[in-house]
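These notes are about the structure you will find just below.
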Amino acid sequence: MNRRQFFQSIIAVTLVCLSTLSIAEAGARRKPNVVLIMADDLGYSELGSYGQEKIRTPFLDKLASQGLRFTDAYAGNAVCAPSRCVLMTGKHPGHAFIRANHGVRPIGQAPLPKSEITIAEILKKNGYVTGVFGKWGLGHHGNEGDPLNKGFGRFFGYYCQAHAHSYYPSHLWSDGKRISLDNEPPVPGHARFPTSADPNDPSSYDRYKGKDYAPDRINEQVLEFVRQNKHKPFFLYYPTMLPHVALHVPDEELKPYLALKWEDPPFLGKKGSGYTPHYTPRAAYAAMITRMDRYVGNIINLIDELGLADNTIVIFTSDNGTTWLKGEVDYDFFESVRPLKGLKGSLDEGGIRVPMIVRWPGHAIPGTTSDRVVGFEDVLPTLAELTGAEEDVPEQVDGISFLPTIQNKSQAERPFLYREFPDYGGQISVRMGKWKGIKRGLRKNRNAALELYNLKADIGEKKNVVKKHPDIARRIELIMRRERTIPTIERFRFGEYQDAVGQENSPDKK
């Protein structure tokens with residue numbers, strides 16, 4: 001080799017090394033993938049990592065051991081649609097556009113308007129591939145709230161929450177197209193047990209079983225989305241329907257729980273509020289949660305197999321507390337919200353305090369817990385900060401990024417957390433440090449008295465201490481009056497409720 005050839009070989013090797021380094025650096029600089037998983041009506045204590053002893057959740061328990069578990073995390077609201085609105089827009093319920101489960105014709109929930117910016121729109125603008133799989137509940141195909149109009153490039157599942165009451169429907173939706181399922185006939189979400197059938201005969205319940213289980217189809221699409229976008233930064237939002245009733249679950253999932261031989265009287269349906277009958281409702285509910293746990297495990301396992309774990313943040317939570325439909329879901333048997341008070345539809349802790357688990361290797365310390373108060377409105381600014389999209393967060397957002405807490409850094413205490421729900425009698429609450437103030441029955445009594453609880457000493461909200469702490473009560477009352485504005489969608493229906501909570505600000509004041 002002559003001198004010239006020697007130097008050419010050195011240059012070639014150097015260029016290869018530099019090229020390899022640049023590829024590695026580019027990989028290191030790639031924005032983190034975001035996986036946001038939300039269960040439906042999963043109670044605070046229905047995971048093993050949160051104290052559940054009867055229901056098996058091995059994958060989510062493992063996830064908790066690999067990351068950070070929040071003990072004081074709050075859903076956006078006490079029921080589906082308004083909670084999802086808070087999650088997507090970063091506005092607390094006093095400013096969010098959707099405050100209750102409004103239905104609109106011909107089908108679906110009231111849509112998010114064009115003016116409401118979602119976390120998907122922010123991340124899509126910043127180079128993310130975005131997809132939502134499961135129950136959307138914030139608009140239907142073709143209107144402003146269609147997820148394809150709210151920042152998502154891919155949608156598969158249910159637009160409407162009423163449609164999602166059946167796990168064996170006639171169809172699902174894929175990017176605005178109806179996808180037929182092999183359920184003939186489809187199983188309704190609501191039914192009463194026929195008087196002519198024998199409630200003690202298991203075969204009498206076969207009419208409430210289908211062939212093509214929609215959650216299986218949805219989970220398959222989630223996994224396909226991850227595979228297709230493994231080389232790009234992606235935002236995966238997975239609002240699964242489980243374990244929301246009706247009690248629909250494949251028989252094979254029931255077997256481990258039937259083997260436990262619980263006392264499990266049949267559920268025959270209820271007039272007005274019931275879903276579909278089930279021969280063994282306790283086993284069915286537990287099986288639905290275990291099925292959901294397996295779906296989450298499928299996602300985590302795929303992320304790990306593809307080598308994406310170190311650059312993927314996974315957040316798991318629930319949209320509100322356990323349902324109050326006692327005959328269908330035996331929340332006392334499972335101790336679903338222990339040690340909390342209240343269920344879905346209530347602003348008591350059991351209605352809005354939910355599990356939240358964050359796994360982010362290299363950032364969230366495995367097996368740790370945090371008692372920081374966080375709410376769904378905080379998710380948007382948190383994801384925006386960790387993806388470098390802070391400049392695109394709207395000024396009206398109420399959330400506070402909890403990224404420092406995820407990274408085990410010091411962070412100031414959240415000043416307050418505001419919640420309101422105009423239905424179930426009309427309720428409003430404020431969490432301020434260890435204190436919780438709540439008013440209820442506001443539709444009937446505009447002067448409803450404030451109840452005050454010290455959650456540090458009384459997590460079950462059993463002892464009202466408002467008379468002992470008038471100064472704290474006054475501060476909470478001021479927050480309640482200050483934090484509420486009336487969106488257009490509520491001006492007619494909830495005008496009286498505006499007066500009930502003592503609203504002093506017009507929508508254009510703050």
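The condition of being within 30 Å of T368 (Cα to Cα) and not assigned by TED's automatic domain parsing to the domain that holds N77 holds for only one of G433, G399, that being G433.
Looking only at residues of the stretch 98-126 that are in a loop (DSSP other than H, G, I, E, B) and aliphatic (A, V, I, L, M), we find that the one that is surrounded by the fewest Cβ atoms within 10 Å (Cβ to Cβ) is I107. Take R419 and decide whether it is part of a strand (DSSP E or B) and under 17 Å from E483 (Cα atoms). Criteria met by R419.
So which residues in the stretch 70-93 are crowded, with 22+ Cβ neighbours inside 10 Å, not in a helix (DSSP H, G or I) and not hydrophobic (A, V, I, L, M, F, W, C)? Across the stretch 70-93, the qualifying residues are Y74, G76, N77, G90, K91, H92, P93.
Contact map, the stretch 143-162: first residue under 10 Å from G108 (Cβ atoms) and in contact (Cβ under 8 Å) with a residue 12 or more places away in the chain, second residue of a type in the set (K, R) and buried (at least 22 other Cβ atoms within 10 Å of the Cβ), Cβ cut-off under 8 Å, separation 6 or more or different chains; pairs are Y158/K135; Q161/K135.
Within the stretch 127-142, being in a loop (DSSP other than H, G, I, E, B) and surrounded by fewer than 24 Cβ atoms within 10 Å (Cβ to Cβ) holds for G127, H140, H141, G142. Of the residues in the stretch 350-394, how many are of a type in the set (V, I, T), within 20 Å of S65 (Cα to Cα) and part of a loop (DSSP other than H, G, I, E, B)? Total satisfying the criteria: 1. If I filter the stretch 352-368 for residues that are among the hydroxyl-bearing types (S, T, Y), in the same structural domain as D330 (by TED's automatic domain parsing) and in contact with a Phe, Trp or Tyr (Cβ under 9 Å, 6 or more places away or on another chain), do I get at least one hit? Scanning the stretch 352-368, I find no residue that is among the hydroxyl-bearing types (S, T, Y), in the same structural domain as D330 (by TED's automatic domain parsing) and in contact with a Phe, Trp or Tyr (Cβ under 9 Å, 6 or more places away or on another chain), so the answer is no. Selection of the stretch 401-423 for residues being more than 18 Å from Y74 (Cα to Cα), of a type in the set (D, E, K, R) and at pLDDT 95 or above yields only K409.
Tally the residues that are over 23 Å from K344 (Cα atoms) and surrounded by fewer than 19 Cβ atoms within 10 Å (Cβ to Cβ), restricting the search to the stretch 368-396.
Here is the first cut: in the stretch 368-396, the residues over 23 Å from K344 (Cα atoms) are 368-370, 380-396.
If we keep only those that are surrounded by fewer than 19 Cβ atoms within 10 Å (Cβ to Cβ) too, we end up with 368-369, 385, 388, 390-392, 394-396.
The number of residues fulfilling the criteria is 10.
Taking the conditions exactly as written (among the small types (G, A, S), more than 19 Å from the chain's Cα centre (by Cα) and over 23 Å from T276 (Cβ atoms)), does G139 satisfy them or not? It is false that G139 is among the small types (G, A, S), more than 19 Å from the chain's Cα centre (by Cα) and over 23 Å from T276 (Cβ atoms).
Residues of the stretch 208-245 that are closer than 23 Å to C160 by Cβ and basic (K, R): K209, K211, R217. Confirm whether F193 is surrounded by 19 or more Cβ atoms within 10 Å (Cβ to Cβ), of a type outside the set (V, I, T) and at pLDDT below 95. Yes: the conditions hold for F193. Would you point out the residue of the stretch 426-458, among those that are touching a Pro at 6+ places or on another chain (Cβ under 9 Å) and outside any strand (DSSP E or B), that is farthest from P415 (Cα to Cα)? By that ranking, first place goes to R443. Is there any pair with a first residue in the stretch 364-390 that is without any contact (Cβ under 8 Å) to a residue 12 or more places away in the chain and within 16 Å of D319 (Cα to Cα) and a second that is outside any helix (DSSP H, G or I) and among the β-branched types (V, I, T) whose Cβ atoms are under 9 Å apart and which are 6 or more apart or on different chains, and what are they? Final answer for the pair search is none.
Within the stretch 204-229, restricting attention to residues that are among the basic types (K, R) and surrounded by 15 or more Cβ atoms within 10 Å (Cβ to Cβ), which residue is farthest from G153 (Cα to Cα)? Step through it out loud before you land on a result.
Initially, the stretch 204-229 is screened for residues among the basic types (K, R), giving 207, 209, 211, 217, 227.
The next check asks that each one be surrounded by 15 or more Cβ atoms within 10 Å (Cβ to Cβ); those that pass are 207, 209, 217.
On the way: R207: 37, K209: 33, R217: 19 Å.
Looking at residues that are among the basic types (K, R) and surrounded by 15 or more Cβ atoms within 10 Å (Cβ to Cβ), I get R207.
Which of the following residues is touching a residue at least 60 places away in the same chain (Cβ under 8 Å), assigned to a helix (DSSP H, G or I) and assigned by TED's automatic domain parsing to the domain that holds Y158: G269, G274, G297? Don't jump to the end; show me each part of the working.
Details: G269 fails: assigned to a helix (DSSP H, G or I); G274 fails: assigned to a helix (DSSP H, G or I).
Checking each option against the conditions leaves just G297.
Every condition in (1) assigned to a helix (DSSP H, G or I); (2) at pLDDT 95 or above is met by E461 except one, and the failing one is (1). Just checking, does the stretch 232-249 include any residue being assigned to a loop (DSSP other than H, G, I, E, B), without any contact (Cβ under 8 Å) to a residue 40 or more places away in the chain, of a type in the set (S, T, Y) and surrounded by 16 or more Cβ atoms within 10 Å (Cβ to Cβ)? Taking every residue of the stretch 232-249 in turn, none turns out to be assigned to a loop (DSSP other than H, G, I, E, B), without any contact (Cβ under 8 Å) to a residue 40 or more places away in the chain, of a type in the set (S, T, Y) and surrounded by 16 or more Cβ atoms within 10 Å (Cβ to Cβ).
Inspection of the stretch 57-75 identifies no residue that is touching a Phe, Trp or Tyr at 6+ places or on another chain (Cβ under 8 Å), assigned by TED's automatic domain parsing to the domain that holds D146, farther than 24 Å from G433 by Cβ and among the β-branched types (V, I, T). For the stretch 175-190, filtering for residues that are among the small types (G, A, S) and either surrounded by 15 or more Cβ atoms within 10 Å (Cβ to Cβ) or outside the structural domain of L268 (by TED's automatic domain parsing) (or both) leaves 1. Pairs meeting the criteria (first residue in the stretch 20-42 and assigned by TED's automatic domain parsing to the domain that holds G134 and more than 13 Å from A309 (Cα to Cα), second residue in a strand (DSSP E or B) and modelled with pLDDT of 95 or more, beta carbons under 6 Å, at least 6 apart or on different chains) are L36/Y237; L36/I315; I37/Y238; I37/F316; M38/P239; M38/T317; A39/S318; L42/S318.
Residue-by-condition table, conditions (1) within 30 Å of D398 (Cα to Cα); (2) of a type outside the set (V, I, T); (3) in contact with a strand residue (DSSP E or B) (Cβ under 8 Å, 6 or more places away or on another chain); (4) assigned by TED's automatic domain parsing to the domain that holds A39:
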{"position": "G307", "(1), (2), (3), (4)": "no, yes, no, yes"}
{"position": "N320", "(1), (2), (3), (4)": "yes, yes, yes, yes"}
{"position": "K326", "(1), (2), (3), (4)": "no, yes, no, yes"}
{"position": "L343", "(1), (2), (3), (4)": "yes, yes, no, yes"}
{"position": "L386", "(1), (2), (3), (4)": "yes, yes, yes, yes"}
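Here is a yes/no grid of residues against (1) of a type outside the set (G, A, S); (2) in contact with a Gly (Cβ under 9 Å, 6 or more places away or on another chain); (3) under 25 Å from F421 (Cβ atoms):
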position	(1), (2), (3)
L112	yes, yes, yes
I122	yes, yes, no
G134	no, yes, yes
G137	no, yes, yes
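The values are calculated or read from the model by the stated rules, or taken from the named source; none is laboratory data. All figures in this text were calculated on a predicted structure; none of them were measured in a lab. Using ideal geometry, Cβ is built from the backbone for each residue, glycine included, and neighbour counts are taken over all protein chains shown.
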